[in-house]
Amino acid sequence: MTDEAPKPAPDTPKSTALKERVSHLGRRSREELTRKGGIPDTAHGAFRTWSRKIWELRGGGAYAMGFLVTFLYLETVDILFDDVPKLYAMQSFASEITPFVIEFLIDTLLNTMWAFLWPVIVLQWEPPFGLIALVAFFVLFPKFVQKPLEHWLYEGEEPPPIETRKAERAEKEAAKKAARKAAKAEKKAEKQAAK
């Protein structure tokens with residue numbers, strides 16, 4: 001199969017030429033989705049890497065899992081029920097793409113903010129049951145979900161302990177603080193020597 005779309009004959013109507021090009025695009029897409037090393041194989045690794053980064057940034061526990069699930073849910077709903085219909089409804093693609101991209105970026109930012117607040121969303125869900133669900137999630141997550149999830153995120157390797165990551169972060173902060181304090185003392189000594 002060639003990478004180029006077939007060239008239509010000069011006397012072919014535009015609708016037939018368009019159908020041939022769309023058909024070629026469909027064949028290429030199917031090939032990319034089914035061949036070994038295609039989009040599904042590489043996307044899984046990219047998704048895992050992104051998930052691991054978010055997981056580590058949010059502390060690697062139940063809160064991080066809630067953030068990931070909430071963000072993915074909100075983005076999926078937004079794309080499927082808002083963005084895709086807008087793309088299909090565009091009359092003039094060139095003039096409408098910039099506002100569409102800006103709106104998409106704003107929606108993603110809002111979804112990120114809502115994902116940060118996911119415990120509040122759960123608490124507001126059917127007031128007594130939301131609290132019960134949230135407490136149950138935070139109690140049961142470390143016992144039943146965290147180990148298999150970390151196994152998937154770190155591809156079977158042992159994840160670095162959260163305490164180690166926290167200690168490394170605290171050590172870096174202490175070193176920065178000590179450097180600032182030393183620089184401040186040095187400046188103070190220079191001022192006193194100048195007098």
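Remarks
- All positions within segment 90-105 that are more than 23 Å from Leu74 (Cα to Cα) and aromatic (Phe, Trp, Tyr): Phe93
- Residues in segment 141-163 that are touching a residue at least 60 places away in the same chain (Cβ under 8 Å) and open to solvent by 100 Å² or more (accessible area, probe 1.4 Å): Glu155 only.
- Counting the residues of segment 169-195 that are at pLDDT below 80 and over 25 Å from the mean Cα position of the chain (by Cα) gives 2.
- In segment 125-140, the residues that are part of a helix (DSSP H, G or I) form Cβ pairs under 8 Å with partners that are of a type in the set (S, T, N, Q) and open to solvent by 100 Å² or more (accessible area, probe 1.4 Å), at six or more places apart or across chains, as follows: Gly130/Gln124.
Table: residues versus (1) out of contact with any Leu (no Cβ under 8 Å at 6 or more places or on another chain); (2) modelled with pLDDT under 80.
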position: Gly45; (1), (2): yes, yes
position: Met65; (1), (2): no, no
position: Leu68; (1), (2): yes, no
position: Phe71; (1), (2): yes, no
position: Gln91; (1), (2): yes, yes
position: Glu96; (1), (2): yes, no
position: Ile102; (1), (2): yes, no
position: Phe116; (1), (2): yes, no
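- Test: residue in segment 31-43 that is surrounded by 12 or more Cβ atoms within 10 Å (Cβ to Cβ) and at pLDDT 70 or above: no
- Exactly one residue out of Ala174, Ala115 is in contact with a Ser or Thr (Cβ under 8 Å, 6 or more places away or on another chain) and either in a helix (DSSP H, G or I) or surrounded by 10 or more Cβ atoms within 10 Å (Cβ to Cβ) (or both), and it is Ala115.
- Candidate set from segment 79-112 (those that are closer than 18 Å to Arg58 by Cα and in contact (Cβ under 8 Å) with a residue 12 or more places away in the chain); member that is least open to solvent (accessible area, probe 1.4 Å): Asn111
The values are calculated or read from the model by the stated rules, or taken from the named source; none is laboratory data. Model, not experiment: these values are computed from the prediction. Here Cβ is always computed from backbone atoms with ideal geometry, including for glycine, and neighbour counts include all displayed protein chains. Please note that ligands, DNA and RNA were not included when accessible areas were found on the heavy atoms of the full protein model with its side chains. Shrake-Rupley method; radii C 1.70, N 1.55, O 1.52, S 1.80 Å.
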